[in-house]
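Below is a structure I'd like to ask you about.
Laboratory data are not the source of any read-out in this text; all were calculated from the coordinates shown. These figures come from a predicted structure and were not determined experimentally. Don't worry about glycine lacking a Cβ; one is built from the backbone with ideal geometry, like all the others, and counts go over all protein chains shown.
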Amino acid sequence: QAQLLESGGGLVHTGDSLMLSCAASIRSFSTSALAWFRQAPGKEREFVGAVNWSGSTTYYSDSVKGRFAVSRDNAKKTHYLQMNSLKAEDTAVYYCAAGMTIGTEARRYSVWGQGTQVTVSS
């Protein structure tokens, strides 16, 4: 059964950095597009960033561009979200996802993790 497991969330302060990891147990990991989404209390789930199967293409939402970076390690079947210069508005549950093609829409991703909480205190 395909699974994704996030880790690395926690409580940090404004301006801090944090790295989230997503460990995968899916056969097609090396050919999958991987993404991060987040959902803040009372808000809809939103796209954060994504990387294609080779790591050669990345997408970011405007709200995190220049501060966050998505990467992957196919040998470890893990992908990462490096978050720098964190702001209070980055507080949310962060989800990793895997799908066949890279994109910003949640419907492109068929496998999802359970989420990890990131809280940024000002």
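How many residues are part of a strand (DSSP E or B) and either in contact (Cβ under 8 Å) with a residue 40 or more places away in the chain or surrounded by 14 or more Cβ atoms within 10 Å (Cβ to Cβ) (or both) when one looks only at region 50-102?
Residues of region 50-102 part of a strand (DSSP E or B): 50-51, 58-60, 68-73, 78-83, 92-99.
Next, only the ones that are either in contact (Cβ under 8 Å) with a residue 40 or more places away in the chain or surrounded by 14 or more Cβ atoms within 10 Å (Cβ to Cβ) (or both) stay: 50-51, 58-60, 68-72, 78-83, 92-99.
The total comes to 24.
Follow-up question, since we're still on this one. Exactly one of (1) in contact (Cβ under 8 Å) with a residue 40 or more places away in the chain; (2) under 11 Å from the mean Cα position of the chain (by Cα); (3) farther than 16 Å from S110 by Cβ is unmet by A35. Its number?
Of (1) in contact (Cβ under 8 Å) with a residue 40 or more places away in the chain; (2) under 11 Å from the mean Cα position of the chain (by Cα); (3) farther than 16 Å from S110 by Cβ, only one is false for A35: (3).
Out of (1) in contact (Cβ under 8 Å) with a residue 60 or more places away in the chain; (2) surrounded by fewer than 14 Cβ atoms within 10 Å (Cβ to Cβ), what's the single condition that is false for G42?
(1) is the only condition that G42 fails.
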